[in-house]
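Right, one structure below, let's go through it.
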Amino acid sequence: MVTIEEALRIIKDQKINLKSEPKPLEEALGHALATNTVSPFDVPEFDNSAMDGYALCGLYQEYRLVGEVAAGDSKDVSLKDGEAVRIFTGAKVPKNTMAVMMQEKTSVKESTLFLDEMPKAGQNIRRKGGQLTEGQAVFEKGHILNPPSLALMGSLGLSQLEVFSKPLINIITTGNELVKPGDPKSVGQIYESNSYAISGALQQFGFQHHQKTQIKDDFEATKAGIKSALESCDVLIISGGISVGDYDFVKQSLEENGVNELFYKVFQKPGKPLYFGRKDNQFVFALPGNPASSLTCFYVYVLPLLQKLSGYGNYGLPTYQFPIKHAYENRFGRPSFLKAAVVDGKVEVLDGQGSSMIQSMAKGNALAFVNEGEVLNEGDLVKCKLIA
Ligand code: AMP
Ligand code: MG
């Protein structure tokens, strides 16, 4: 049995080889960049108007109106003192433009432009290189591509990015009692649900599973199922069969498949019978079958490994502190990740903390960490991971 900190440390300390690949911009979201990026040109590349209005030469309140420049126009316009042109947002400002006046503060009579106020030099002009200059560092290797990063890369004209690959993930669920939702079920059977939580949580963080298999509680079948799953993945996530029951064959089957245990059992609630192992460059998590345990272990332990394997510098869900809405005492005898709801900046520990109780987890949006025996008063700060 290891502590939560030891388990997380073991995951963090794994030596890994990152793989990279080119990805089209459309598919690069959530990937970490595998190279440093510098700007190939100035952004913006030319002085342009920040407003729909008038480009002005000289600073007056009256101008001769001599033409028009729209966004995308490439003609070279040059203004003389006292001249103005109609201009639109994003259009290249004519040579000698001193300011742009927004159209709301202007009026035109015949070909004379009148301004409601004196223009200020440089007003409403987005300068060449105002965001980035040619050769300037844009992103360091390891930067995680969020939507604005994709916009920035696109604006640099980059259609393909070299990114770290995400791991290939297989899922195995175990249990004689499990029936696929939609199929007929007899007495004593239950619907299989953990794989939906796991594949959903994978998608939530930009991952997807490659294969999903359901295995009966049978030693040979478990051994064969694990062998086959390990043929096509970097990370294998198994649900159930890792406890100490007579039908729990996962641990022994992993050993027989050459997987080395890195830890087994974590001093925590829920999710005590959590297993983590490695075979060469493949990793295996065996999650306890109870639905809330399995998903909690995913968020706390599996996700950080997946992100680390994807080249993230910081991995795992961040921890935030929220004041608790009510007094609470952890009487579970183990450090606990409690199903909780953070609403209006306060955290509430929900009813239904059992390891099988997925409904309370489904209604909440956080895991609140409370140490074994810890007594909290209303307003005390609690460490929370937001899961929704
Ligand atoms: P186990 O860890 O295999 O002993 O399973 C613990 C509990 O979780 C049992 O009540 C199982 O029926 C339930 N369970 C195991 N796997 C799943 C699953 N994939 N979906 C829903 N419940 C499960
Ligand atoms: Mg089972």
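The values are calculated or read from the model by the stated rules, or taken from the named source; none is laboratory data. Model, not experiment: these values are computed from the prediction. Cβ atoms come from the backbone with ideal geometry, glycine included; neighbour counts cover every protein chain shown. We work out accessible area using only protein heavy atoms, side chains counted, and drop any ligands, DNA or RNA first. Shrake-Rupley method; radii C 1.70, N 1.55, O 1.52, S 1.80 Å.
So in the range 182-208, with the set limited to residues that are more than 10 Å from ligand 1 (Cβ to nearest atom), within 19 Å of ALA362 (Cβ to Cβ) and not hydrophobic (A, V, I, L, M, F, W, C), which one is most open to solvent (accessible area, probe 1.4 Å)?
Applying the filter and picking the extreme gives GLN203.
ARG331 versus (1) in a loop (DSSP other than H, G, I, E, B); (2) away from ligand 2 (no atom under 16 Å from the Cβ); (3) within 23 Å of GLN204 (Cα to Cα): which is the lone unmet condition?
It is condition (3) that ARG331 fails.
Is it true that ILE172 is in the same structural domain as LEU236 (by TED's automatic domain parsing), outside any loop (DSSP other than H, G, I, E, B), within 32 Å of the chain's Cα centre (by Cα) and within 15 Å of ligand 2 (Cβ to nearest atom)? Spell out the reasoning first.
On the way: in the same structural domain as LEU236 (by TED's automatic domain parsing): yes; outside any loop (DSSP other than H, G, I, E, B): yes; within 32 Å of the chain's Cα centre (by Cα): yes; within 15 Å of ligand 2 (Cβ to nearest atom): yes.
Yes; evaluated as a whole, the condition is true for this residue.
Residues being part of a loop (DSSP other than H, G, I, E, B), of a type in the set (D, E, K, R) and touching a residue at least 24 places away in the same chain (Cβ under 8 Å): count how many of those fall in the range 58-82.
1
Give the number of residues within the range 238-254 that are surrounded by 14 or more Cβ atoms within 10 Å (Cβ to Cβ) and either more than 11 Å from ligand 1 (Cβ to nearest atom) or free of Cβ contacts under 8 Å to residues at least 40 places away in the same chain (or both). Let's see the steps before the verdict.
Let us first name the residues in the range 238-254 that are surrounded by 14 or more Cβ atoms within 10 Å (Cβ to Cβ), namely 238-243, 247-251, 253-254.
Narrowing the set further to residues that are either more than 11 Å from ligand 1 (Cβ to nearest atom) or free of Cβ contacts under 8 Å to residues at least 40 places away in the same chain (or both) leaves 248, 251, 253-254.
Here the count works out to 4.
Looking at LEU350, LEU305, LEU287, which is the one that is open to solvent by 20 Å² or more (accessible area, probe 1.4 Å) and on the phi < 0 side of the Ramachandran plot?
Step by step, each of LEU350, LEU305, LEU287 is checked, and only LEU350 is open to solvent by 20 Å² or more (accessible area, probe 1.4 Å) and on the phi < 0 side of the Ramachandran plot.
Can you pull out every residue in the range 336-361 that is part of a helix (DSSP H, G or I) and in contact with a Gly (Cβ under 8 Å, 6 or more places away or on another chain)?
Those that are part of a helix (DSSP H, G or I) and in contact with a Gly (Cβ under 8 Å, 6 or more places away or on another chain): GLN359, SER360.
Of the numbered conditions (1) within 16 Å of ligand 1 (Cβ to nearest atom); (2) touching a Phe, Trp or Tyr at 6+ places or on another chain (Cβ under 7 Å), LEU317 fails exactly one; give the number of that condition.
(1)
Can you name every residue in the range 98-119 that is closer than 20 Å to PHE46 by Cα and open to solvent by 20 Å² or more (accessible area, probe 1.4 Å)?
The answer is MET98, MET102.
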